[in-house]
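Asks: First the structure, then my questions, so here it is.
Values in this text are rule-based calculations from the coordinates and carry no lab data. Given the structure is predicted, the values throughout are model-derived calculations rather than measurements. Ideal geometry is used to build each Cβ from the backbone, glycine not excepted, and the neighbour counts take in all protein chains shown.
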Amino acid sequence: MKINLTGVLLVSVFCILSVSNSFSQNSSKIPSEKPKHIIGIVVDQMRYDYLGRFWNQFGENGFKRLVNEGANCRNANYNHFFTQTGINYATLVTGTSPSYHGIIADEWYIPLKNKVINCVEDEREKTIGGSYEEGRLSPRNMLTTTIGDEIRLSTFMQSKVISIALEGKPAVIAGGHTPNAAYWFDGETGRWVTGSYYMNDLPAWVNEFNNKKFSDMYMARSWETKMPIDQYKQCLTDDNPYEVGLMGRRTFPYPLYELGGTKNKDKFNYRLLKSTPFGNSLTADFAINTIVNEGLGKDDNTDLLMLSFSGNRKHWPKFRNLIHRGDGCLFKT
C-alpha cells in the first residue's frame, strides 16, 4: 500500500478543536494557545488534487469546511523515496525519516531468526478482546517518540492519547509508545480490539459498543452510489476492464451480506468492511463513542485522538470508485 504523504489529506496536519471555537482565517477570534483536544486525521489514498477535482461533490461541512476555515499547507514534503503504510505513519507522527524512527518497511527479514516480521509484530503480546493473532502488536520497533508521546511527557502523563484505525498497524504506530489506548478492528470477530501492550482488559464501554453489533448492521447493507451513476463525469465508467472489483463483482451496487457472508446473516466475513466506505463509517462511530466515554478535552490537559480512515486503502488497488461516496461517509458527523 502507498499512502504517498504528499497525497494524503491531513486535517491541517492536526485538526485542533479548542472548546467550541474553531480557527478561521476569516475570523477575528484568536484560538486558545493550549487546545483542549487535538484530533489527527489521516485519510488513506486521499490525494491532494481530489480537493479541486471533486470540489462540487463535497458537502459544506466536510472537506469544504476544512479548506475554507482551516490552514492549507501547500509545500509539505518528505525526504525518503520508499513509501509503505508503516513508513508513512511513522514519518507523519514522529516528524523524522525512516533511518531515525526505525520503521523502514512494513516487513523486514531478521537473519538471526531466519524470519520475516511485520513492523509492529510482537510475540510477547496477546490480543485483548478478539482473535488470537489480531492483538500481538506493539510499537517497540519504533525508535523515536511521536507527537502523542511528547504531549504525554509534557503533561507528566496527564494528557490522554488514543489511537483508532481499522488496521492494527496504523493504530499502533500513530499511538506511539505511551498512549492510553490503541484500538483496531478484528475482521474475524467483527469487534474492536486492542493488545496487552496497552491494557489487560477492554473498558466496559468498548465491550458495550461491541455488543451493539454495529459491524453486523453495516454488513447487512448494500454499498451504493451517492448519486446516479451517470453523474460521475470525473470517473471512468462503472463497468470497465481496469478494475478487479470486490469479491468477483465489478459494478454497483455491492450488497455486503451477499458478498461477505450468508443471505440469512448468520455469519459474516467482517474483513470485507475494511474494503468498503462502511469501514470508515464504523471507525467514525467508534471514535465518537471514544470521545464521549473517555471524556477527551474535558480538563486542562491537552488530549490527542489519532484517527485513520483506511477503508479506502483496501479497495483502492481494486477499483477507484472511492468518490462515489463523496466525503459524506467520513465527515457527516
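Asks: For the range 33-44, take each phi angle, set θ = phi - 60°, evaluate the Karplus expression 6.51 cos²θ - 1.76 cosθ + 1.60, and give the result in whole Hz per residue in order, putting x for glycine and proline.
Replies: Computed from phi, the couplings for the range 33-44 are 5, 10, x, 6, 8, 10, 10, x, 10, 10, 10, 4 Hz.
Asks: Determine, from the Cβ-Cβ distance of residue 251 and residue 188 and an R0 of 35 Å, the FRET efficiency 1/(1 + (r/R0)^6), rounded to the nearest 0.05.
Replies: Working: r = 29 Å, r/R0 = 0.82.
The pair residue 251/residue 188 has a calculated efficiency of 0.75.
Asks: Using a cut-off of 18 Å between alpha-carbon atoms, which aspartates and glutamates can reach residue 169, once sequence neighbours fewer than 8 places away in the same chain are excluded?
Replies: 44, 106, 107, 121, 122, 123, 125, 133, 134, 149, 186, 188
Asks: Here is a follow-up. Using modelled amide H (1.01 Å from N, peptide plane; none on Pro or chain starts), what sits under 5 Å from the amide H of residue 268, excluding residues fewer than 5 places away?
Replies: none
Asks: Excluding residue 175 itself, what net charge comes from residues whose Cβ is under 14 Å from its Cβ, given Lys and Arg +1 and Asp and Glu -1?
Replies: Numbers: positive: 140, 152, 160, 169; negative: 122, 125, 149, 150, 167, 294, 303.
Neighbour charge sum, excluding residue 175 itself: -3.
Asks: Also: Please give the length that would be gained between residue 80 and residue 49 if that part of the chain were fully extended, namely 0.36 nm times their separation in residues minus their C-alpha to C-alpha distance (nm, one decimal).
Replies: 9.0 nm
Asks: Calculate one ³J(HN,Hα) per residue across the range 273-289 by plugging θ = phi - 60° into the Karplus curve 6.51 cos²θ - 1.76 cosθ + 1.60, and present them in order as whole Hz with x for glycine and proline.
Replies: 4, 5, 9, 9, x, 5, x, 5, 5, 5, 4, 5, 4, 5, 5, 4, 5
Asks: While we're here: What is the fewest-to-most order of 151, 288 by other Cβ atoms lying within 10 Å of their Cβ? Show your work: numbers first, answer last.
Replies: On the way: 151 23, 288 11.
In order of increasing Cβ crowding within 10 Å: 288, 151.
Asks: What FRET efficiency comes out for the pair residue 298/residue 123, r = Cβ-Cβ distance, R0 = 56 Å, nearest 0.05?
Replies: Approximately 0.90, to the nearest 0.05.
Asks: Stretch residue 213-residue 230 to full length: gain in nm at 0.36 nm per residue minus the Cα-Cα span?
Replies: Working: separation 17, 0.36 × 17 = 6.12 nm, distance 3.46 nm.
Length difference between fully extended and current span is 2.7 nm.
Asks: With θ set to phi - 60°, apply the Karplus curve 6.51 cos²θ - 1.76 cosθ + 1.60 along the range 191-208 and write out the HN-Hα couplings as whole Hz, x wherever there is a Gly or Pro.
Replies: 10, 7, 10, 8, x, 5, 4, 9, 6, 9, 9, 5, x, 4, 5, 5, 4, 5
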